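K.L.:
Once you've had a glance at the structure underneath, I'll fire off some questions.
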Amino acid sequence: MTDSHFNLDAFVQGYMVTVLGTASDESDESGGEPLGQTYDVADFTDEAKADMRADCANFVTQHAALLEEAVAQIGYDARAAGGDFWLTRQGHGVGFSDRAPLYDERTEDEQGQTLADRLDQAAHAYGEHHGEVMALEDEIHYGTPQFILRQPREQASDVAAVLDSLAIPVTPARPRSRGLR
C-alpha cells in the first residue's frame, strides 16, 4: 500500500482518537465523560502507541487491497478507516458497516459480498480488544494488553487526593513484559 493512497499514520491517528472517544472516565453512574474530552492521543504512553500502531499496521498490510479499493471507489479517508477498524472490531454496531458507499452493489465481489462486508469480516477477525479504564495516580490503564494514557498533571493530584481520602493504597505501576502478546 503506498503512502500516496493510504496513510498508515492517519489510520493510526483515527484509531487512537476513536479509542478515546468510545472509552469513558467512569466519573458517574452513567459512565462519565468520553476520555477524548480530557485526553489526546499524545497522552497514550509510548508502549500503548506502539501496540496500537502494530495492530493497525498489521490490519493495513493484511487488507491493503480492500482498503485501496475503498480509496479508489469512494475516496475513503485513512483516518476514518482507522476509526472504523476500532469501532468494528469492538462490535459497536458502526464502523465499516455504517459507510453507505461501502455497501454499494458496485463494490460486490464474485461472492456477492460488498466492500463493507469484507472489511467488517477482516476487522472482526482481530477480535475485540477487551479492557476497562482505570485511573491510577498519574496514568490511566486501558485494556489487556493495556493501552495506557498519561494523566494530565493538573488532574493527577486530584485523583491521588480522592484515593487518599478513600484509604486506597496507590502503588506505582510496574512495567509490562513485552511477551504478553
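All of the numbers you see were taken from the coordinates with simple rules; none came from a lab. This structure is a prediction, so every number in the text was calculated from the model and none was measured. Note that each Cβ is placed from the backbone with ideal geometry, even for glycine, and that neighbours are counted across all protein chains shown.
K.L.:
Modelling each spin label as a point 7 Å along the Cα-to-Cβ direction, I'd like the THR61/ALA10 distance in nm, to one decimal.
P.N.:
For the pair THR61/ALA10, the computed spacing is 2.2 nm.
K.L.:
Still on this structure, please answer the following. Work out, step by step, the length gained on full extension between ALA72 and SER27: first 0.36 nm times the residue separation, then minus their alpha carbon distance; give nm to one decimal. Write out the running numbers ahead of the final one.
P.N.:
Details: separation 45, 0.36 × 45 = 16.20 nm, distance 4.29 nm.
Contour length minus the Cα-Cα distance gives 11.9 nm.
K.L.:
Would you mind ranking ASP46, ASP117 so that the residue whose beta carbon has the fewest other beta carbons within 10 Å leads the list?
P.N.:
Details: ASP46 9, ASP117 18.
Final ranking by Cβ density, sparse to dense: ASP46, ASP117.
K.L.:
Ranked from highest to lowest mean number of other Cβ atoms within 10 Å per residue, what is the order of the peptides 48-54, 84-90? Don't skip to the answer; put the middle values down first.
P.N.:
Numbers: 48-54: 17.6, 84-90: 24.0.
In descending order of packing, they fall as 84-90, 48-54.
K.L.:
Going by Cα centres, segment 71-130 and segment 1-66 are how many Å apart?
P.N.:
Centre-to-centre distance over Cα atoms comes out at 16 Å.
K.L.:
Going by amide H atoms built from the backbone, whose H comes under 5 Å of the H on SER24, apart from near neighbours?
P.N.:
LEU35
K.L.:
Sticking with this one: Under the 0.36 nm per residue contour assumption, what length would be gained going from the current alpha-carbon distance of ALA100 and ALA42 to full extension? Can you show the working numbers first?
P.N.:
Values: separation 58, 0.36 × 58 = 20.88 nm, distance 3.17 nm.
Gain on extension, ALA100 to ALA42, equals 17.7 nm.
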